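Values quoted throughout were computed directly from the atomic coordinates according to the rules given, and no laboratory measurement underlies them. Please read all numbers here as calculations on a predicted model, not as lab measurements. Using ideal geometry, Cβ is built from the backbone for each residue, glycine included, and neighbour counts are taken over all protein chains shown.
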Amino acid sequence: MLYLCTMVPFDVLRVRQDFPILQETVHGKPLIYFDNGASSQKPQQVIDRINHYYAKEHSNVHRGVHHLSAKATEVYEAARKTVADFVGATHEEIVFTKGTTDAINTIAFSFGETLKPGDEILITGMEHHSNIVPWQMLCERKRCNLKVLPVLENGTLDLSEIDRFLTEKTKLFSFVHVSNTLGTVNPAKELISKAHAMGAKVLLDAAQSIQHMPINVQELDCDFLAFSGHKVFAPTGIGVLYGKKDLMESLPPYQGGGDMIEYVTFEKTTYNSMPLKFEAGTPNISGVIALGEALNYLNSLDLQGAFQHEEALGKYLRSHMREIPKVRFIGEAPETCSTLSFLVDDLHPFDLGTLLDQQGVAVRTGHHCTQPLMQQFNIPGTVRASLAFYNTHEEIDRFITALNRSIQLLS
Amino acid sequence: MSKSINELQDEVIEEFALFDDWMEKYEYIIDLGKDLPLIEEAKKTEDRLIHGCQSRVWVEAEVLDDRMCFTADSEAIITKGIISLLIRVLSNQTPENIVKSELYFIGEIGLQEHLSPTRANGLVGMINRLKSEALKQLAK
């Protein structure tokens, strides 16, 4: 491809220029955005693309014979191809959703319809609420059982227990690739192959991994994969559900409506094939196109260099945080991404977060939508710094200074 | 004669006007938090808990000589400091005056960003609770 020839080595200062919000100040101080786990910022290219779509290309998709409808459909489907290529899937295997939560709910409803009373769903103790609650609702509906693979004190999964939890009763193993709270990177490939050996299908929650590492669904061999656009430099309200084509074709649709049908009579309706079968109603067209553009942007970068930079940042952050007295990391897995949850002595995360904010630092405080995990660790919440490739070593230095100052004020 | 709600608000505004930067301001709020008249441990019950806060906040309201008297506690010291300011302005006032009070001091001292209904420290929740306790007294 042409862009490969023109690719320049990753340069964080140049890349930062692509993200207008990173030039903002907060409370009169330069913004240090360390809340990428919650949502990432958008490059100008993505913002411009939304504008261009509405100014020049907007119409409904898959409908009209007129020029604009054809144009909108063309760019919409091109984005699907971009997403498919990005994760190693085919375009028919990519369903656009509102986000990760919507993607998981789609499978919980659709795949859930194939379950019988007594069947089991396996999740892990480090799941986000979005990968707990849909399964609880499903288990209630279909009288199935929800099993939870435990998490060890260091924030890794208790793999010694896997054979006890993953049995022939397990119909689906749904787990998080990278923990949004602990930063733990789970051994996805190994877990997927173990689940398959027991005849279970696997849903991989890639909401926190898609922006940090190369993801290839063929290599991972997951049956379903879910992620959100807004965590991968695209807008909110758009997400992706990948599903193996034959499996998805065999499942009942989730929602009924326009676009997902083949032929409707009052007596019976036949459904469209993948992927439109799972895209009822007018989709988030601009979101889809902007997601495609965000991935085009990533493809134009030296992504390997970007990931290496981010890995170095994560290590730098952890090593400097260790120098602060009374800091306790929540999650010390050997394999982590650049997300770090911590507590300082008995200081409340809210207090630290408020004082960091006063110094221009955006971090997340609280339970991070993983309340069962907080209960296990017996803590009210954590402070979480979650990085992206556009962060710098200098920002980490300033963050450490701001944190030390906050601790001093509160002690 | 005890001071009115607005006199107390003006007092707080005056105090905060002395601070040059955010650090001094928050240092003061943290000190207030440390001095907050604490609610008894036994009274930290579910019905005294204010929901929607990132740190748990409990409020207890009592009536002494037709005036409301508040005590509170929170796990977070800044939250304690902020509620301490609210209590200073609203405690020892009649339920009627509390219900109709307009708390302009929050904006004036630069804490308005804490006022967003979705803001995690739940300042709006705290104000609503203090006022609803006063309203309950009025309804009696």
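Between B:139, B:12, B:123, the Cα set farthest toward the positive side of the dipole of segment B:5-139 (charges on each charged residue's Cβ, about the Cα centre) is that of B:139. Placing +1 on the Cβ of each Lys and Arg and -1 on the Cβ of each Asp and Glu in the protein assembly as shown, which of A:393, A:106, A:294 has its Cα farthest towards the positive end of the resulting dipole? Value computed over the given set: A:106. Taking the helices alone, the protein assembly as shown has a mean residue ellipticity at 222 nm of -12000 deg cm²/dmol, built from -39,500 (n - 2.57) per DSSP H run of at least 4 residues and averaged over all its residues.
Listed by chain and number, the aspartates and glutamates whose alpha-carbon sits under 20 Å from that of residue A:147, ignoring those within fewer than 8 places in the same chain, are A:113, A:119, A:120, A:127, A:158, A:161, A:163, A:168, A:190, A:205, A:223. By the count of other C-beta atoms within 10 Å, a proxy for reagent exposure, A:49, B:56 are ordered fewest to most as B:56, A:49. Taken over the Cα atoms of the protein assembly as shown, the convex hull encloses 197 Å³ per residue. Taking the fewest neighbouring Cβ atoms within 10 Å as the starting point, the ordered list for A:143, B:88 is A:143, B:88. Summary value for segment A:192-283: 18 percent relative contact order, contacts being C-alpha pairs under 8 angstrom separated by 6+ residues.
Suppose R0 equals 51 Å; then what is the FRET efficiency for residue A:375 and residue A:58 from their Cβ-Cβ distance, rounded to the nearest 0.05?
Computed FRET efficiency for residue A:375 and residue A:58 comes out at 0.65.
Among the listed pairs A:98/A:189; A:171/A:277; A:81/A:245, those whose Cα-Cα separation exceeds 19 Å are A:98/A:189; A:171/A:277. Across segment B:5-139, C-alpha contacts under 8 Å between residues 6 or more apart give a mean separation that, scaled by the residue count, equals a relative contact order of 28 percent. Screening chain A for whole DSSP H helices of 18 Å or more along their axis (Cα) with average Kyte-Doolittle hydropathy at least -1.0 returns A:67-87, A:285-300, A:303-322, A:393-410. Our summary of shape: the Cα atoms of segment B:5-139 have principal axis extents of 43, 30, 27 Å, ordered from largest down, in whole angstrom. Each of B:4, A:130, A:174 has some number of other Cβ atoms within 10 Å of its Cβ, and from fewest to most they run B:4, A:130, A:174. Counting only lysines at least 8 places from residue A:29 when in the same chain, those with an alpha carbon closer than 18 Å to its own are B:25. Counting every alpha-carbon pair across segment A:48-299, the share separated by more than 30 Å comes to 27%. Amide H to amide H distances under 5 Å link residue A:364 with A:384, A:386, where only residues 5 or more positions off or on other chains count and H is placed in the peptide plane. The H on the amide N of residue A:97, modeled in the peptide plane, is under 5 Å from the matching H of A:239, A:240, A:241, each at least 5 residues off or on a different chain.
On the basis of the beta-carbon distance and an R0 of 51 Å, residue A:262 and residue A:308 show a calculated FRET efficiency of 0.60.
Summing charges over neighbours of residue A:326, with a neighbour being any other residue whose Cβ is under 13 Å away from its Cβ, gives -1 when K and R count +1 and D and E count -1. Which of the lysines could be linked to residue B:43 by a straight reach, that is with a Cα gap under 17 Å, when you skip same-chain ones fewer than 8 residues away? Filter leaves B:80.
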